[in-house]
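Student: Questions regarding the structure given below will be posed in turn.
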Amino acid sequence: MNWKKVANKILFPSVWIIVFLGILSAIGLAYVFMNGAEEILLAIPVYVISFYTLSVACLYSIFIFPSQYKSIKEKVLKKQFVNRYINDLEYRNKASLFCSLAVNLLYVTVNVIYTFINHTAWFGVLAVYYLILSVMRFLLARYVYKNKLWQDEERELKYTRLCGIILTTLNLVLSGAILMILYQKKGFEYIGILIYVMAAYTFYITVTAIIDLVKYRKYNNSILSVTKVIKLASALVSMLSLETAMFAQFGADMSESSKQLMIALTGAGISIVIITMSVMLIVGTTKKIKKIRNKI
């Protein structure tokens, strides 16, 4: 038996095996942590498979992926959709809008269903929140689907101003959610390892939203700018959700008054940021529209 070949196959399996084991590990770990089965005998093979998958994935990333990166990149860029998504700013923004709209509509549907199942206004508030995001993204998605950017500046500014006005209503819904968190003990809870996944995701979308907001200013287009404002507003509210989940998971030693103070301060800060952004959108676009009409 050629032990070198055997070891090579064990340490460097095919990509599809790594992907399959990764999915299997994720499902297994989710089951173990969500059902409190950490001490059950079934958890041992789940831990072993997860450790093996993580190890071979790291080895593949260190020894195999760097040498194949160039050829993989060339193959990916040959795909028309990928190439256009990377190089075409307008197409990328359009695709992003439609994807985020689809996700928001899914959240609206799920929260409406939960509202009737659980007979609670909490999920109704969340449904309204995602509905407002959906309305703004629908308006922008419909515009970019029918029109090219930089073609009609005045019309783009009007759409941006309308989104700024709608964004103020988001703040009202946020205020209602904060009051429910403070006085009705509502909030978010993530079971087991899921809270760490949500924490990483929330910080990622918040950081990328801030970077995009700054980066897209150089393109001098109101539609592009307002999509990033909406993205940032959504990310900030996700930070509030994560804070309530963190308190539920790790805040057993904190007093109730301290939790309420932290949530109130975070909510107030987010509300101020959203109101400031919406006012800047409304005032800024109104001034630009007046300048365009004065020139005409």
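The values are calculated or read from the model by the stated rules, or taken from the named source; none is laboratory data. As the structure is a computational prediction, the values presented were derived from the model and not from experiment. Cβ atoms come from the backbone with ideal geometry, glycine included; neighbour counts cover every protein chain shown. Surface accessibility is based on the protein's heavy atoms, side chains included, excluding ligands, DNA and RNA. Shrake-Rupley method; radii C 1.70, N 1.55, O 1.52, S 1.80 Å.
Student: Let me spell it out: the conditions are (1) modelled with pLDDT of 80 or more; (2) within 24 Å of the chain's Cα centre (by Cα); (3) open to solvent by 70 Å² or more (accessible area, probe 1.4 Å), and N87 meets all of them except one. Which number is the exception?
Tutor: All conditions pass for N87, except number (1).
Student: State which residue is farthest from L179 (Cα to Cα) when the search covers only region 248-270 and only residues that are open to solvent by less than 30 Å² (accessible area, probe 1.4 Å) and of a type outside the set (G, A, S).
Tutor: Applying the filter and picking the extreme gives I270.
Student: Surrounded by 19 or more Cβ atoms within 10 Å (Cβ to Cβ), of a type in the set (D, E, K, R) and either at negative phi or part of a helix (DSSP H, G or I) (or both), is that true of R155?
Tutor: No; evaluated as a whole, the condition is false for this residue.
Student: Kindly check whether there is at least one residue in region 202-219 that is touching a residue at least 40 places away in the same chain (Cβ under 8 Å) and surrounded by fewer than 18 Cβ atoms within 10 Å (Cβ to Cβ).
Tutor: Yes: region 202-219 contains one or more residues that are touching a residue at least 40 places away in the same chain (Cβ under 8 Å) and surrounded by fewer than 18 Cβ atoms within 10 Å (Cβ to Cβ).
Student: Any idea which of T266, T285, T276 is among the polar types (S, T, N, Q), assigned to a helix (DSSP H, G or I), touching an Asp or Glu at 6+ places or on another chain (Cβ under 7 Å) and modelled with pLDDT of 80 or more?
Tutor: T266
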